[in-house]
Structure formats: C-alpha cells, structure tokens
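The values are calculated or read from the model by the stated rules, or taken from the named source; none is laboratory data. Predicted, not measured: the structure shown is a model, and the values here were computed from it. Cβ atoms come from the backbone with ideal geometry, glycine included; neighbour counts cover every protein chain shown. The protein model used for the area step is the full one, side chains on, heavy atoms only, and it has no ligands, DNA or RNA in it. Shrake-Rupley method; radii C 1.70, N 1.55, O 1.52, S 1.80 Å.
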Amino acid sequence: MKDTKKALHWIVKLLTTNEIPFQILGGFAARAYGARRELADIDIEVPSVSFRKLCDLVKEHITQGPMIYKDDIMECEIVEFSYEGQLIEIVNAGNTVFRNPETNQWEQEIINFEDSELVEVLGISVPLIPKQQLIAYKKKLGREVDLIDIEQLS
C-alpha cells in the first residue's frame, strides 16, 4: 500500500536539505489545484545541475533510469523511483523539449522555478507549477488523463 504523504514529506525534505530547487507538476499538482482523479505518481522537475546529484541521493530506491523518455510529443530525461510504495518521477528540467504542433519543431521547455506557487498539500508547503502553466503543459501532452485534469481544473 502506498503512503503518498510519507513519500511527499521524505522527498521534499531530501530536496530542501540538499538545496535542490524543484517544482511539482503533473497529476499531483492537478490534484492540489482541485482535480479529483486517482494519483499515479509524484512528478518533480529539478534543474539540470541538480539532476545527477538527486539520482545519487535516491539510488537505492530507483526502479528505472536515469533514462531518456521520448514519444511523439515530448522528450525528457527522467529517473523513476519508489518510496513507501509511492512512485516518484524526477524530470531533468533543463533538457525537456516539446514538439510544437504548428511548426512540427522541437522546442525547449522553459522553467522558472521562482514562478512556482507555494501550496499546502498533505500538511506540507510545496512549490507547484502555476495552475495556468500546468493547464498549458497538459494541453501539450493531450493524453486522456491530462484532458480529464484540464476539464476538472477549468
């Protein structure tokens, strides 16, 4: 059985103790803003300069990666791990690209960690991707779960 609260507190403490800037996005951020679908994982972006350090810090919990994930819409470097049964995915924010549907060209995702919104979730204050950026991000992905989140957030 997964313990999302314990996993969230653990990873946030690990990130802050090691002074690693981060931002939570994906379904977890959507739920924090009011979406209701079941949570699959906790998606967290960190700067490129911190990605390898974080991989070393969580190495005993890694289930996949670090690796390059690529589909028709996006390409990014991720590492996936589990803590207390909760899946957590860390994304290297510095090398994430999306395919622009209008130009069919790959475009660098721009993340400004200072724009994050601090929101209290499960008893802890965490930096989330701003709601409108989350909706735009989910529109780019366009998966069924993203469309559900968009509908529930609008």
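Number of residues in the stretch 52-72 that are loosely packed, with under 13 Cβ neighbours inside 10 Å and of a type in the set (Ser, Thr, Tyr) equals 1. The test for being loosely packed, with under 11 Cβ neighbours inside 10 Å and not in a strand (DSSP E or B) does not hold for Glu120. Taking residues in the stretch 68-91 that are farther than 19 Å from Lys138 by Cβ, and partners anywhere that are of a type in the set (Lys, Arg), the pairs with Cβ atoms closer than 6 Å and at least 6 places apart or on different chains are Glu84/Lys6; Gly85/Lys2; Gln86/Lys2. Only one of Phe28, Phe98, Phe113, Phe51 is out of contact with any His (no Cβ under 8 Å at 6 or more places or on another chain), on the phi < 0 side of the Ramachandran plot, modelled with pLDDT of 95 or more and among the aromatic types (Phe, Trp, Tyr); which? Among Phe28, Phe98, Phe113, Phe51, only Phe51 is out of contact with any His (no Cβ under 8 Å at 6 or more places or on another chain), on the phi < 0 side of the Ramachandran plot, modelled with pLDDT of 95 or more and among the aromatic types (Phe, Trp, Tyr). The single condition from (1) more than 12 Å from Ala32 (Cβ to Cβ); (2) assigned to a strand (DSSP E or B) that Ser125 fails is (1). Among residues of the stretch 82-95 being modelled with pLDDT under 95 and crowded, with 16+ Cβ neighbours inside 10 Å, the one that is nearest to Leu122 (Cα to Cα) is Ala93. Residue pairs, Cβ under 7 Å, 6 or more apart or interchain, first in the stretch 44-66 and touching a residue at least 40 places away in the same chain (Cβ under 8 Å), second open to solvent by 50 Å² or more (accessible area, probe 1.4 Å) and part of a helix (DSSP H, G or I). List them. Listed by first residue and then by second, the contacts come to Ser48/Asn95. The numbered conditions (1) open to solvent by less than 20 Å² (accessible area, probe 1.4 Å); (2) touching a Gly at 6+ places or on another chain (Cβ under 9 Å) are all true for Val49 except (1). Would you be able to say whether some residue in the stretch 102-115 is of a type in the set (S, T, N, Q) and more than 24 Å from Lys140 (Cα to Cα)? Checked against the condition, which is being of a type in the set (S, T, N, Q) and more than 24 Å from Lys140 (Cα to Cα), the stretch 102-115 yields no hits at all. At pLDDT below 95, closer than 21 Å to Leu141 by Cα and crowded, with 20+ Cβ neighbours inside 10 Å: is that true of Ala40 in this structure? No; evaluated as a whole, the condition is false for this residue.
Filter the stretch 12-22 down to residues that are part of a helix (DSSP H, G or I) and surrounded by fewer than 17 Cβ atoms within 10 Å (Cβ to Cβ), then give me how many there are.
Total satisfying the criteria: 4.
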